[in-house]
Amino acid sequence: MDIPLWLALIVVGWLGVKLVRPPWWLIAVLLLGGFLLADSVLAPVIDTAVK
């Protein structure tokens, strides 16, 4: 069974929010920070660190 990555990320994110209950500002900061880092000069460094 193949599950799309976007669906798996939504499910894991939803479970994380329900179980851990982080503040909403922390979720917003992490999402915005990840979005901004993905298009920055540091993106190649992060890409090699993740792989």
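The values are calculated or read from the model by the stated rules, or taken from the named source; none is laboratory data. In this text, all values refer to a predicted model and were calculated from it rather than measured experimentally. Note: ideal-geometry Cβ built from the backbone for every residue, glycine included; neighbour counts use all protein chains shown. All accessible areas refer to the heavy atoms of the entire protein, side chains included, with ligands and DNA or RNA removed. Shrake-Rupley method; radii C 1.70, N 1.55, O 1.52, S 1.80 Å.
Quick check on my filter: what residues within segment 12-36 are β-branched (Val, Ile, Thr) and surrounded by 11 or more Cβ atoms within 10 Å (Cβ to Cβ)? Matches in segment 12-36: Val17, Ile27, Val29.
Listed by first and then second residue, the pairs linking a residue in segment 5-21 that is modelled with pLDDT under 95 to a residue that is hydroxyl-bearing (Ser, Thr, Tyr) and open to solvent by less than 70 Å² (accessible area, probe 1.4 Å), with Cβ atoms under 9 Å apart and 6 or more places separating them unless they lie on different chains, form an empty list.
Which condition number in (1) surrounded by 10 or more Cβ atoms within 10 Å (Cβ to Cβ); (2) at pLDDT below 90 is the one that Asp39 fails? Here Asp39 meets the rest and fails (1).
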